[in-house]
Amino acid sequence: MANKKILLINWRDIKNPEAGGAELYFHEIFKRLNTRGYDVTVLAHKVKGMPDEEVVDGMRTIRIGSKFLFNYSAFLYARKHQKEYDLIVEDLNKIPFFTPMGTKCKRLHMVMHFFRKSIFREAFFPFALYVYLMERAVALFYKKENFLAISQSTADEIADMGIKSKWTEVVEPGIDIEYFKPTEAKANPPVISYVGRLMKYKNAQFVINAMPRLRELVPGIVLEVAGGGDYRAELEKLVAQLGVQDSVKFLGRVSEDEKRDLLSRSSLFINPSFKEGWGINNIEANLCGTISMSNNVAGLKDSVVDGVTGLLYENDDPEGFCQKAAAVLHDHERLSELEKNARERALGMSWDAMTDKMQKVVEKALL
């Protein structure tokens, strides 16, 4: 029996310098599906210095079109080549590819999360409005389609957007349970950490603003910030304005090994983002023996079981955040119990386990 052929459309492939969590998600899962009776082709935009076509981890990778107009190139490619594939998997991220308008083959639409009005915090108004309107168009052009969400919050959001799907399944991101493990002892005085892009919507400014109060409650506490982005200069100004230069360290972009060490020596991993589909860094921290304190928003509240594997806080209550953080840092017995629960849960989230779930969804989409 011939392998089923899948065309996976995403703005970036895993080798793109701007690849992030979404690219890791589909790459790790679909490279495994590629060995289970499927032939997967990845379609992404061109990148200077990279070939237009190559094989990456067994998957044929085709690069066409420009970074900013790839949605049009992908639409035309899918319409022209649709008969070559049994299933088109489209990653809906900011701007849809509108494959239901141009193809008649079976389709599956992956959603990490919708930006909705939060895009106006991050982008200039004309572009933000464009993205907002394109997301709203999904409800109009994707009726009775098959959807895949990376969390229950995202699945709920699909319905809340007025998208009348045929069905929606959930497959959470997996993780390398062999690689992520404790590699350093906990720092003393305690370290809390942030790992991620330094973008306004990622909200690292919340944690920095909390540092003067946290230093009162937990003497010697240090915040280590790992990652790069165009909001770093603003964050550095904020640190100077608050006078907490000796308590906040900017590490810049770090390697995977450096990130693992940071997560291991941290007593708390802080995830303050306004918007996420899941929050994979929370699970990475859990495997490294560290619990997450996360903003109580869609996605993050799925990757943290409040009071069991970590803690949730309200973004409009900075004093509550500080009190909750200080309380758990001073209660070593409770912190140890949360760390144990978090690691046990995370160990069940391997990429192989998530690929098993995805395979069932793909088989359902092919019916």
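The values are calculated or read from the model by the stated rules, or taken from the named source; none is laboratory data. Predicted model, so just to flag it, every value in this text is computed and none were measured. Please note: Cβ atoms are built from the backbone with ideal geometry, for glycine as well, and neighbour counts cover all protein chains shown. Side chains are part of the model used for accessible areas, which takes the heavy atoms of the whole protein and leaves out ligands, DNA and RNA. Shrake-Rupley method; radii C 1.70, N 1.55, O 1.52, S 1.80 Å.
Of note:
- Within the chain, antiparallel bridges make up roughly 10 percent of the DSSP beta bridges whose residues both belong there.
- Solvent-accessible area per residue, Å², over the chain with all protein chains present [probe radius 1.4 Å]: 44 Å²
- Each Cα pair under 8 Å and six or more residues apart adds its separation to the average, and for the stretch 154-265 the resulting relative contact order is 32 percent.
- Kirkwood-type hydrodynamic radius, the stretch 1-54: 11.9 Å, calculated from all non-identical alpha-carbon pairs.
- Candidates Pro126, Pro190, Pro318: whichever shows maximal mean-square fluctuation once the chain is modelled as a Gaussian network with Cα springs under 10 Å: Pro126
- Shown for the chain: the carbon plus sulfur share of the solvent-accessible area, taken with all protein chains present and a 1.4 angstrom probe, equals 52%.
- Comparing Asn146, Asn188, Asn281 in a Gaussian network model of the chain, where Cα atoms under 10 Å apart are tied by springs, the biggest mean-square fluctuation is seen for Asn188.
- Acute angle (nearest 10 degrees) that the helix 256-265 long axis makes with the longest principal axis of the chain, alpha-carbon atoms: 40 degrees
- Scaled against the 2.2 N^0.38 Å expected of a compact globular protein of N residues, the Cα radius of gyration of the stretch 258-347 reads 0.98.
- Within a straight-line Cα-Cα reach of under 18 Å, Lys83 can be paired with the following lysines, leaving aside sequence neighbours fewer than 8 residues apart in one chain: Lys4, Lys5, Lys104, Lys106.
- Just so you know, the Rg over Rh for the stretch 188-316 is 0.93, from Cα atoms, with Rh as the Kirkwood radius.
- Full-stretch length increase - Ala353, Ala159 - with 0.36 nm per residue and alpha-carbon distance subtracted: 67.2 nm
- Charge tally in the Cβ shell below 11 Å around Lys83, where Lys, Arg are +1 and Asp, Glu are -1, Lys83 excluded: +2
- Backbone N under 20 Å from the His330 label point (7 Å along Cα→Cβ), restricted to the stretch 251-284: 267-269
- The chain: most fluctuating residue of Asn271, Asn282, Asn16 per GNM, C-alpha cutoff 10 Å: Asn16
- Placing a pseudo-label 7 Å from each Cα along the Cα-to-Cβ vector at Leu140 and Lys80 gives an inter-label distance of 2.7 nm.
- Label-to-label distance for Ala233 and Gln245 is 1.8 nm, based on points extended 7 Å past Cα in the beta-carbon direction.
- Angstrom value of the Kirkwood radius, inverse mean 1/r, which spans all Cα pairs in the stretch 230-294: 13.3 Å
- Taking every Cα-Cα distance in the chain and sorting them into 20 Å bins from zero, the calculated P(r) comes out as 28, 56, 16, 0 percent.
- Thr183-Gln152 pseudo-label distance in nm [points 7 Å out on the Cα-to-Cβ vector]: 3.3 nm
- 0 to 90° range, to nearest 10: angle between helix 351-366 axis and the chain longest Cα axis: 30 degrees
- Above-threshold pairs, the threshold being 26 Å between Cα atoms, out of Lys186/Lys275; Lys48/Lys259; Lys48/Lys144; Lys15/Lys94; Lys340/Lys360; Lys31/Lys357: Lys186/Lys275; Lys48/Lys259; Lys48/Lys144; Lys340/Lys360
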